[in-house]
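Asker: Take a look at the following structure, please.
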Amino acid sequence: MNKFWNFKTENDGTRTLYLCGSIADESWFDDDVTPKAFRAELEAGQGDIVVWINSPGGDCVAAAQIYNMLMDYKGNVTVKIDGIAASAASVIAMAGTKVLMSPTALMMIHNPLTVAIGDSDEMKKAMDMLAEVKESIINAYEIKTGLSRAKLSHFMDAETWMNAKKAIELGFADDLLFKKDSEDEETLKVEDSFTFSRRAVTNSLMSRLSRKRETEAAKEPVKPGTSYDELIKRLELIKP
């Protein structure tokens with residue numbers, strides 16, 4: 001089994017779980033072996049546990065089950081994100097009793113993806129399935145952040161990237177890793193945080209190009225097929 005997790009007992013007795021790389025490199029869905037193996041290792045010890053996450057995401061079914069197992073775990077679960085917790089990995093992070101992020105870490109949330117083959121009925125089934133998967137993911141985000149489902153849905157639609165301070169501001173994380181004792185809440189100013197929305201950036205660029213084209217056309221008629229048109233067409237193709 002090609003495991004993406006590793007349990008370790010530190011010298012001080014602390015139990016640590018490392019989640020690195022893609023979640024479920026091998027099958028997890030419709031696989032009894034892998035989930036049971038993870039649960040067995042999780043329940044092999046007792047006491048509080050620290051979960052280090054550095055993952056771009058992966059299988060949302062695997063993430064959902066790991067989230068459930070950690071939520072059901074009897075001890076406290078401290079999640080520490082030292083690199084990236086994106087996509088399905090961000091769902092696992094929501095199981096933390098406390099979620100801490102490195103000042104250099106990132107979190108990303110987006111809509112679930114799948115591949116579907118078949119006729120229009122099959123496509124409709126796939127769309128309905130994705131809608132339900134999205135709602136289930138929002139459940140985890142809502143419990144942790146307290147944000148409205150509409151706002152969380154908007155963040156997912158836009159494929160939103162958050163640095164540590166923004167994640168804390170929005171409730172996806174609780175505090176910074178490696179924070180000095182002298183630092184206080186003033187270090188978490190809104191102006192020092194950011195979210196990056198791929199959709200927002202694309203829409204903003206398209207809007208600026210359209211305005212620029214209109215301005216140029218007011219001075220002198222712009223022929224169809226100019227660089228403005230080509231850029232807008234290309235942006236339409238990659239628009240999320």
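Asker: Could you list which residues have their amide H under 5 Å from that of ALA24, counting only those 5 or more apart in sequence or on another chain, with H placed in the peptide plane?
Answerer: HN-HN under 5 Å from ALA24: PHE4.
Asker: Show me the ranking of peptides 50-61, 88-99, 103-114 by mean Cβ neighbours inside 10 Å, starting with the highest. Display every interim value, and only then the final one.
Answerer: Working: 50-61: 20.6, 88-99: 23.4, 103-114: 17.5.
The packing order, highest mean first, is 88-99, 50-61, 103-114.
Asker: Taking 0.36 nm per intervening residue step and subtracting the Cα-Cα distance, what contour gain separates VAL115 from GLU41 on full extension?
Answerer: Once the chain is fully extended between VAL115 and GLU41, it gains 23.5 nm.
Asker: Continuing with the same structure: What does the charge count near ALA64 come to, summing +1 for each Lys or Arg and -1 for each Asp or Glu among other residues with Cβ under 13 Å from its Cβ?
Answerer: Summing Lys/Arg as +1 and Asp/Glu as -1 gives -3.
Asker: Out of residues 5 or more away from SER87 or on other chains, whose amide H comes under 5 Å of its own, with H placed 1.01 Å from N in the peptide plane?
Answerer: Placed amide hydrogens put MET108, ILE109, HIS110 under 5 Å from SER87.
All of the numbers you see were taken from the coordinates with simple rules; none came from a lab. Keep in mind that what you see is a predicted model, and the values were worked out from it rather than measured. Virtual Cβ from ideal backbone geometry, glycine too; neighbours counted across all protein chains shown.
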